[in-house]
Amino acid sequence: MSNPTSSTRPVPLAAQPTSLWAGFLSYLVPGLGQIYQGRVGKGLLFLVCIYGLFFLGMYLGSGEVEVNDRVYRITSNVYLPDTAAKNNPWGLPWRLAANLYNRPQFLGQFWVGIVAWPAIIQYITYNPAQESGPIFGTFMREPPETTINRLQTAGDKRWDLGWVYTVIAGVLNIMVIYDAYAGPAFGPAGSERSREGDAKHANPSA
Amino acid sequence: MPTLLPEHVGPLLASSIYWHLPVLIVVISLVYSATRYDEWDSILREAFRWGLRLTVFLAVIVIVLYALASWI
């Protein structure tokens, strides 16, 4: 027997099971949460795209310039400097907040996951009296101010472009984390939300 | 005279930083689209559309800036 109200009743969206664990895995390594959920192809796509962009940015942001027979080298543009004592115009109460204010790029880079952790370890173990950190040496360590100045005046603009790429990679991974946590915006294959998305494709103005 | 050491970049890449832009467009389009869909055909279709939009948007900016630089 047909139900006369069935054609007008709104179809409820399929409930998406959320997974904090998958979200955390995708924070650690982009796409790992999706791989854990069995969405291997998509996980690998995220892994290749985000790591590709992040490491390209790091490559562009590292290098050396020679000025007056002296070589100035920078190993990475992913770092968090301890500059709160020099610059804290808002009088931020926490040292970390002031340091992030001085280098907001790291707020984006952080989300790329475990590959940004050396910068955190370098920040925690930073000792201005030493030229390198205890575990990672100069990798992802705050470079001397003179080196940054030399690179910006004697190098080209690749150095600046490099950190933009690393920040975009980190911010993109926030969407990947959410995808692992709650599924894609239009739902998994075959779901109502997925069909809704396909219908939107077919008729974008709807 | 300050110089960049040549072993870090090839001559083609050294010529312009804009050679790296296509990488950015492809990655943003693919990742954004893959967070909206699970099916590969939908992902690729949406990625193509976003790639096209980004390219057109950047091209318009290039044309406007070129025009401003040429005539003003």
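Every read-out reported here was derived from the displayed coordinates using simple, explicitly stated rules and does not represent laboratory data. Model, not experiment: these values are computed from the prediction. Here Cβ is always computed from backbone atoms with ideal geometry, including for glycine, and neighbour counts include all displayed protein chains.
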From the list A:ARG103, A:ARG141, which residue is among the charged types (D, E, K, R), surrounded by 13 or more Cβ atoms within 10 Å (Cβ to Cβ) and within 25 Å of A:VAL176 (Cβ to Cβ)? A:ARG103
If you take just the helices (runs of 4 or more DSSP H) that sit entirely in region A:33-118, which of them hold at least 3 residues that are of a type outside the set (A, V, I, L, M, F, W, C) and more than 24 Å from A:ARG150 (Cα to Cα)? A:40-60
Residue among A:ALA119, A:ALA98, A:ALA84, A:ALA129 that alone is crowded, with 19+ Cβ neighbours inside 10 Å and free of Cβ contacts under 8 Å to residues at least 24 places away in the same chain: A:ALA98
When you scan region A:165-175, do you find a residue that is within 14 Å of chain B (Cβ to nearest Cβ), outside any helix (DSSP H, G or I) and surrounded by 17 or more Cβ atoms within 10 Å (Cβ to Cβ), even just one? no
